[in-house]
Amino acid sequence: MKPLNVEICDVTLRDGEQTPGVSFTCEEKQDIAQRLSDIGIDIIEAGFPSVSDYEKRSVRSIVEMDLPSEICCLSRCVQSDIDAAIDCGVDLVSLFFATSDLHIRIKYKKTREEMLDLALGMLDYALDHGIKVRFSAEDASRTDTAFLKEMYAKGAERGASYSSYADTVGCMTPVSMYETVLELNEGLKNPLCVHCHNDMGFASANTFSAAQAGAFQLHTTVNGIGERCGNASLEEVLVALRMQGGVDRYDLSELQNLSRTVETYSGIKIAKTKPVVGEHAFCHESGIHIAALIQDRNTYEYYPPEMVGAEQKFILGKHTGRKGLEYILASLGYTPAPNEVEVILDRIKSISETKQSITQDVLLSIIAESRQTAEAEKTSGSPKARTG
């Protein structure tokens, strides 16, 4: 497999923080930035300095950490925003304006040409002050393609380091994203970035499809947090790049720790079935599955949990089989008596059908109950003997 030519720009500290109700402290931002850099993330979007003085200080503090990752921030096409970015000392500024006719009419009340001229002037201003620019189209997925091409071409001519495409309302599908990136990349003089939102559940898939079509910079957030339904999930994109894109330079073993850290700081709980980092991502209850997994883990796990800092777990419940139960009992150091496995298994199924979880404590109580029953039968004789 020829590795995809990509880099990751993680926007947890900016777009992720735009999740309703989420606000990171400066110290929390620094911790997340350090963890992202340790994983090998290429660019960290540290914030939106013009939001507040505190936000500006937080962005500057991350720059001062002198991480191996490049540090980026967001800026509108407003000189004061660019000045704030320059004051922070970031490596790259994401200079954006909405490009769809809908947004231009509602938000700016200008023409396309007027907005593009304004944006190009601010691009010149940033470059004149020694800062690299990502020339970014908001609501690009609902923008006339010819206008996008014109914008990107003129931005590249003026010296923009990147052209950026935002699926702001998450209206793209993997196929449409692939085709769009192919079209936009044709003749483009600088690398294309993609920024995908998850309103239809396609953000990670769209991001990976864009990479397959030639997009270079991929935007993500930890746990997929972000406005409305969130953004492309860092952990999902990184695993897809490893397993299907041949990209192996990122340290995925810290994804679990990073995910739990962001969960704590953001207050946004991770769904149990969340790919890669959810509590159930590597949990198995089905007896058929567990019997196969005991022989070969590849049967029902596409990638090993250890790769992402997780561990395999077998869960007892309604669908548990004999082999799975024997495996779990052996892991607890318990050797069941003849026929005891069936007794314990029947009790597990009965309890689980009342919607009670079979925790280790519940299992131990079932075992204790089974022992007591067996001892009682030894003392009084078998049930059959007593009634015969």
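A short reminder: the numbers here are calculations on the coordinates, not readings from a lab. Predicted model only: the values in this text are computed from it and were never measured. As a convention, Cβ positions derive from the backbone with ideal geometry for all residues, glycine included, and neighbour counts pool all protein chains shown.
Report, in degrees rounded to the nearest 10, the 0 to 90 angle that the Cα long axis of helix 340-352 makes with the longest principal axis of the chain. Once rounded, the angle reads 50 degrees. Amide H contacts of Glu7 (H built 1.01 Å from N, in plane; Pro and chain starts excluded): Gln217, Leu218 sit under 5 Å, all sequence-distant by 5 or more or on other chains.
Restricted to Cα atoms, segment 297-388 shows a radius of gyration and a Dmax of 16.5, 59 angstrom. Here is the list for segment 315-381: GluC sites (Glu not before Pro) lying in DSSP coil, each with at most 16 other C-beta atoms within 10 angstrom of its C-beta, are Glu353. Most fluctuating residue of Gln360, Gln79, Gln212 in a GNM of the chain with Cα springs under 10 Å: which is it? With Cα springs under 10 Å in the chain, the top fluctuation among Gln360, Gln79, Gln212 is at Gln360. For segment 280-363, the list of chymotrypsin sites (Phe, Trp or Tyr not before Pro) that fall in a loop by DSSP and count at most 12 other C-beta atoms within 10 angstrom reads Tyr302.
Enter the angle in degrees (range 0 to 90, nearest 10) between the Cα long axis of helix 53-63 and the first principal axis of the Cα atoms of the chain, meaning the one along which they spread out most. So the inclination is approximately 80 degrees.
The loop-placed trypsin sites (Lys or Arg not before Pro) in segment 103-145, going by DSSP, that have at most 15 neighbouring Cβ atoms within 10 Å of their Cβ come out as Lys109, Lys110.
May I ask you to compute the full-extension gain from Arg297 to Glu263, defined as 0.36 nm times their residue separation minus their alpha-carbon distance, rounded to one decimal in nm? The partial results should precede the final answer.
Values: separation 34, 0.36 × 34 = 12.24 nm, distance 2.87 nm.
Contour length minus Cα-Cα distance gives 9.4 nm.
Seen through its C-alpha gyration tensor, with square-root eigenvalues sorted a ≥ b ≥ c, the chain comes out prolate because a/c lies at 1.5 or above while a/b is bigger than b/c. If you look at the Cα atoms of segment 149-288, you get an Rg and a Dmax of 16.6, 62 Å.
With viscosity set to 0.692 mPa s and temperature to 37 °C, compute the Stokes-Einstein D of segment 107-199, Rh being the Kirkwood radius across alpha carbon pairs; µm²/s, no decimals.
On the way: Rh = 13.7 Å.
Diffusion coefficient, whole number: 240 µm²/s.
Using R0 = 35 Å, the C-beta based FRET efficiency linking Lys378 and Glu279 works out to 0.30. Under the shape rule built on the C-alpha gyration tensor, where the axes satisfy a ≥ b ≥ c, segment 213-362 is prolate, since a/c reaches at least 1.5 and a/b is greater than b/c.
What is the Cα convex hull volume of segment 61-131 when expressed per residue in Å³?
Details: hull volume 6.2 nm³, N = 71.
In segment 61-131, the Cα hull volume divided by residue count equals 88 Å³.
Rounded if a/c is under 1.5, else prolate if a/b beats b/c, else oblate: with a ≥ b ≥ c from the C-alpha gyration tensor eigenvalues square-rooted, which is segment 1-126? Note, shape of segment 1-126 comes out prolate. Computed extension length for Asp128-Ser23: 34.5 nm, one decimal, from 0.36 nm per residue of separation with the Cα-Cα distance subtracted.
Each part gets one Cα centre, and for segment 1-56 versus segment 274-294 those centres are 31 Å apart.
Computed extension length for Asp31-Arg249: 76.3 nm, one decimal, from 0.36 nm per residue of separation with the Cα-Cα distance subtracted.
With an 8 Å Cα cut-off and a minimum separation of 6 or more residues, compute the relative contact order for the chain in percent. Provide the component values of the computation, followed by the final result.
Values: 691 pairs, mean separation 50.9, N = 388.
Relative contact order for the chain comes out at 13 percent.
Can you work out the FRET efficiency for the pair Asp361 and Glu114, with r the C-beta to C-beta distance and R0 = 56 Å, to the nearest 0.05?
On the way: r = 68 Å, r/R0 = 1.21.
With R0 = 56 Å, the Cβ-Cβ based efficiency is 0.25.
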